[in-house]
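The values are calculated or read from the model by the stated rules, or taken from the named source; none is laboratory data. Everything numeric here is computed off the predicted structure, so don't read it as measured data. Every residue, glycine as well, gets a Cβ built from its backbone with ideal geometry; the counts of neighbours run over all protein chains shown.
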């Protein structure tokens with residue numbers, strides 16, 4: 001037995017001595033440095049730190065490593081290199097370097113903290129917690145250390161140990177908000193909501209000036225059906241702050257859950273009408289109503305409150321924008337536009353409001369108003385592509401095609417992110433090129449648009465119509481017109497295009513059939529359609545009918561420049 005004991009001791013020494021010898025060897029090398037060498041190392045340390053500050057981690061690591069090669073126990077270099085290793089994710093190496101720095105300077109708290117951090121980042125939370133505890137025992141006034149230790153236990157779901165650490169802290173400093181909130185979160189994560197709320201109750205009692213704790217208790221009690229306790233928590237806040245928005249809102253909820261919705265709505269109305277409550281707080285309350293879509297099931301109850309808000313705060317743009325949002329949500333878009341206009345008149349600095357009002361004007365086809373507002377938008381926000389898109393498309397919609405080209409090109413140059421808006425811009429620009437007889441550009445733009453959006457029948461129709469109208473590349477026009485066949489039955493414009501393609505192919509009877517069907521489903525007042533119908537009639541020797549429809553076409557407008565000559569000479573002209 002004695003022999004075995006000796007063998008065990010020798011074996012243990014065999015493990016311990018190499019490590020010890022390695023450190024002693026490093027210590028000897030450290031102690032043998034001359035003053036000149038130490039000065040040189042200090043110079044290198046300054047240079048390495050300069051690189052680290054400048055963000056050149058690679059050069060800093062090289063120099064710190066060089067210092068350690070010359071002096072294996074240069075604690076400052078070990079510490080700085082370890083920090084860089086933590087950044088690069090080499091946590092085990094960082095821990096090794098930090099541990100060596102601690103051995104050289106065991107009283108340095110920063111080295112100890114660095115070692116604990118390295119262990120934590122390595123996922124060695126139990127070991128890290130032990131280190132943090134050792135540090136805090138030496139530094140009992142550093143309260144952050146309790147949180148570091150507790151977090152390690154939280155990371156491994158050892159919730160009780162985390163709670164114990166915060167309880168130790170509270171024994172020293174009393175109940176405090178930071179530890180109380182952390183304990184609340186731990187208990188909630190642990191699934192112990194009753195204990196979590198007990199922590200909130202302690203905070204509410206200890207810090208009555210912070211109404212959030214009492215309000216949290218009120219919500220908890222209401223959810224638990226403990227309405228009496230909820231009412232007590234709400235009143236505790238109102239006693240110290242009668243204008244508390246949170247307390248008034250919870251009081252409304254209390255009335256709702258108690259079955260008195262009228263009283264609940266009246267509570268909110270009173271809050272909105274209160275001149276001592278800030279407009280931002282009121283908007284916050286209304287925003288919650290907006291998100292829920294109603295006030296306790298009543299979708300119209302918000303509007304009297306919004307009216308009150310505009311009366312009390314008429315010069316606040318946010319109020320009008322909020323009103324507009326409610327109206328827009330209810331698809332009362334024209335009314336919403338008027339409220340947005342009020343908001344913009346008060347504050348024109350928010351592009352998001354311009355964007356939404358331009359979109360609403362476009363949706364409601366308020367072309368003239370859209371032109372006016374989009375022009376102002378690009379003046380205020382020249383960097384915003386959507387403003388240029390709406391400006392260009394509204395110019396095109398008012399047949400100002402030449403003027404529309406530059407804004408539309410600008411919109412595309414600014415890279416419109418939204419695909420639908422981008423395709424809308426492509427289409428308007430292709431149309432503008434076509435109307436200004438820049439056919440190479442318009443054809444290229446239509447090709448690009450159809451390639452990006454092969455189901456865009458409006459673009460397909462416009463491209464086919466443009467080719468047929470100028471009697472160019474009719475084979476291409478025919479292929480495009482064929483793509484419209486599935487949607488042509490109830491779209492007179494598609495039938496018009498198909499008829500014009502047939503006309504260019506000399507198929508006059510077929511063209512007439514398409515034109516007549518187009519007129520039957522809504523195209524009877526389209527001047528261009530009537531003119532093309534008359535052209536086909538003339539080429540089938542139905543001259544009297546042709547003249548009559550040419551005359552009708554001229555009255556409708558939108559005809560070719562030769563319409564008067566056709567009527568006068570009773571003859572077809574290109």
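Scan segment 562-573 and tell me whether some residue there is farther than 24 Å from residue 475 by Cβ and surrounded by 19 or more Cβ atoms within 10 Å (Cβ to Cβ). Checking segment 562-573: at least one residue is farther than 24 Å from residue 475 by Cβ and surrounded by 19 or more Cβ atoms within 10 Å (Cβ to Cβ).
Does segment 272-283 include one or more residues that are crowded, with 16+ Cβ neighbours inside 10 Å and in contact with a strand residue (DSSP E or B) (Cβ under 8 Å, 6 or more places away or on another chain)? Checked against the condition, which is being crowded, with 16+ Cβ neighbours inside 10 Å and in contact with a strand residue (DSSP E or B) (Cβ under 8 Å, 6 or more places away or on another chain), segment 272-283 yields no hits at all.
Based on what the data block shows, is residue 181 without any contact (Cβ under 8 Å) to a residue 60 or more places away in the chain and not in a helix (DSSP H, G or I)?
It is false that residue 181 is without any contact (Cβ under 8 Å) to a residue 60 or more places away in the chain and not in a helix (DSSP H, G or I).
Kindly establish whether residue 305 is in contact with a strand residue (DSSP E or B) (Cβ under 9 Å, 6 or more places away or on another chain) and either surrounded by fewer than 20 Cβ atoms within 10 Å (Cβ to Cβ) or part of a helix (DSSP H, G or I) (or both). Yes; evaluated as a whole, the condition is true for this residue. The criterion of being in contact (Cβ under 8 Å) with a residue 12 or more places away in the chain and either closer than 26 Å to residue 443 by Cα or in contact with a helix residue (DSSP H, G or I) (Cβ under 7 Å, 6 or more places away or on another chain) (or both) holds for residue 495.
Here 67, 44, 53 are screened, and the one residue that is free of Cβ contacts under 8 Å to residues at least 24 places away in the same chain, surrounded by 14 or more Cβ atoms within 10 Å (Cβ to Cβ) and under 53 Å from the mean Cα position of the chain (by Cα) is 44. Residues of segment 20-41 that are in a loop (DSSP other than H, G, I, E, B) and exposed (fewer than 14 other Cβ atoms within 10 Å of the Cβ): 32, 34. All conditions but one from (1) more than 28 Å from residue 128 (Cα to Cα); (2) touching a residue at least 12 places away in the same chain (Cβ under 8 Å); (3) over 39 Å from the mean Cα position of the chain (by Cα) apply to residue 31; the one that does not is (2).
None of 394, 374, 348, 315 is surrounded by 14 or more Cβ atoms within 10 Å (Cβ to Cβ) and assigned to a loop (DSSP other than H, G, I, E, B) except 348.
Here is a yes/no grid of residues against (1) under 23 Å from residue 523 (Cα atoms); (2) crowded, with 22+ Cβ neighbours inside 10 Å; (3) touching a residue at least 24 places away in the same chain (Cβ under 8 Å):
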position: 414; (1), (2), (3): no, no, yes
position: 440; (1), (2), (3): no, no, no
position: 455; (1), (2), (3): no, no, no
position: 471; (1), (2), (3): yes, no, yes
position: 477; (1), (2), (3): yes, yes, yes
position: 486; (1), (2), (3): yes, no, no
position: 503; (1), (2), (3): yes, yes, yes
position: 509; (1), (2), (3): yes, no, yes
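The single condition from (1) assigned to a helix (DSSP H, G or I); (2) over 55 Å from the mean Cα position of the chain (by Cα); (3) buried (at least 16 other Cβ atoms within 10 Å of the Cβ) that residue 60 fails is (2). Here the helices (runs of 4 or more DSSP H) wholly within segment 524-570 that include at least 3 residues being closer than 15 Å to residue 503 by Cα are 527-539.
From the list 213, 148, which one is within 35 Å of the chain's Cα centre (by Cα), more than 24 Å from residue 121 (Cα to Cα), modelled with pLDDT of 90 or more and assigned to a helix (DSSP H, G or I)? Sole residue among the options that is within 35 Å of the chain's Cα centre (by Cα), more than 24 Å from residue 121 (Cα to Cα), modelled with pLDDT of 90 or more and assigned to a helix (DSSP H, G or I): 213.
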